[in-house]
Amino acid sequence: MVFDVITFAWICLHFVIDLDFEWFWSNNGIELVLNTILRCLAHYNLFDNLQLLGDDSNTVDTGNNSSSNTSSKKKRGLTRGSKSLPNGKKKKIGVNSWGQPNQVNSETNTYSSDIGFQVRMHLPIIYESFNDVPNDCIALVVNGLEECYDISHVAWFDLKEKIRYAWERYKSHLNTTLIVGNSLGDVKASLAPEFVPREDWVKFIDYCNSEKFLAKSKRNKENRAKLIAPCTLGRTSMPITRHKLAEERGVTDEEIGRVEVYIPAHTKKDKTIQCPDVIAEVQNTMRNGPKSIRTGPNDAIVQKFGKERKGGTRGMGAGMSISLLEKVGHIVNENEELLSNNNELKFATEKLRKDLDALTKYVGNIPVISPTDNLPSQQATSSSQREQVLN
């Protein structure tokens, strides 16, 4: 883009030299050139090449990894945030019984992207850990989302985990795109990214070049190399995958075990399984013990990988854990029971309405007899009875 602007200015300069300068000036030629250059610059963003990935992945790269620089795949740019709907309306985010967004629609897609936009606007990048980020800043992110979305039913553990992930991904992309491989002095002299104060940008650069960060980056790289089961879902979340399976089988999301989500989450579109030995062992466990399919402390995933570590649960999505699942399990069961009772009540009400309509129709077909229709005969009968008594 910068090359186009410079080229255009160079052509205009030659145009001025080759033609009559007085004619060019008198016809506002220089104003035309400047306005065109300004319009071009207005649409140019130095950080359009940055990318914030989706909200579902097995690993979080916050280290010194330059693979994004060498990738030839075209990447989407940073989102600019959604505009509020007219008349105070908000986009509704559909969730499952655990409060996880599970719908495949435009609202869910823009919601995930807008989390990243709000994070870039309000969360400082100078903190090493997300736990150190001030709660006031996180509240600004939530408030920004609530301007466009109805997230009253979204679980806090899910939203908080997505905010944390977006923050870590953004810092990683700032590092790998603008810092790694460049001169420290040149990077500090360059413009700070949008929404990032100059002072914070310099601190972030120093931190990314510190021995502590580089050692951490090295460990992360070694750990990623040990990953035997990379997730293949991309931007599609675990709850959405579970919801798709539930719709295909005509059951609720809660009836789909996490092992049933784990298998497609590690299978490519061409049906290639990322870890065939692991999946085969898990499937064998499911066949030998059907109860291991249902999510729990001894399901097929636990039997294969052992007890889950703190901070994540395979096949469940952001922020969900087995312990949390057990704590809210009775609430989910109560909700399912209430839903079942509600459906039964609706069925009974509908049946009663149909019976009432049928009865109304039947009563409407019965001829109505007036009380005065039999009056003369009654009078005659009474007279004959009196005569018999007198005789």
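The values are calculated or read from the model by the stated rules, or taken from the named source; none is laboratory data. The structure presented is a predicted model; accordingly, all values stated were derived computationally and were not measured. Because the Cβ atoms are built from the backbone with ideal geometry, glycine has one as well, and the counts that use them run over all protein chains shown. In case anyone asks, the SASA skips ligands and DNA or RNA and just uses the protein heavy atoms, side chains included. Shrake-Rupley method; radii C 1.70, N 1.55, O 1.52, S 1.80 Å.
Some points to look at:
- Pairs meeting the criteria (first residue in region 135-149 and outside any helix (DSSP H, G or I), second residue loosely packed, with under 15 Cβ neighbours inside 10 Å, beta carbons under 6 Å, at least 6 apart or on different chains) are E147/S84; C148/S84.
- Flag for P230 being closer than 30 Å to Y262 by Cβ, open to solvent by less than 80 Å² (accessible area, probe 1.4 Å) and touching a residue at least 60 places away in the same chain (Cβ under 8 Å): yes
- Screening the candidates E168, E194 for the property of being within 15 Å of P124 (Cα to Cα), open to solvent by 20 Å² or more (accessible area, probe 1.4 Å), charged (D, E, K, R) and part of a helix (DSSP H, G or I) yields one hit, E168.
- The single residue among N298, N335 that is part of a helix (DSSP H, G or I) and at pLDDT below 90 turns out to be N335.
- Qualifying residue in region 104-113 (condition: surrounded by fewer than 21 Cβ atoms within 10 Å (Cβ to Cβ), more than 12 Å from the chain's Cα centre (by Cα) and of a type in the set (S, T, N, Q)): no
- Filtered residues of region 242-255 (kept if modelled with pLDDT of 90 or more and either part of a loop (DSSP other than H, G, I, E, B) or not assigned by the TED database to the domain that holds G317 (or both)): G250, V251
- Only one of the listed residues (K221, K188) is more than 20 Å from G319 (Cα to Cα) and outside the structural domain of F130 (by the TED database). That residue is K221.
Every residue, every condition in (1) buried (at least 18 other Cβ atoms within 10 Å of the Cβ); (2) of a type in the set (G, A, S); (3) free of Cβ contacts under 8 Å to residues at least 40 places away in the same chain, yes or no:
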| residue | (1), (2), (3) |
| --- | --- |
| A246 | yes, yes, yes |
| A265 | yes, yes, no |
| K271 | no, no, yes |
| I279 | yes, no, yes |
| N284 | no, no, yes |
| N288 | no, no, yes |
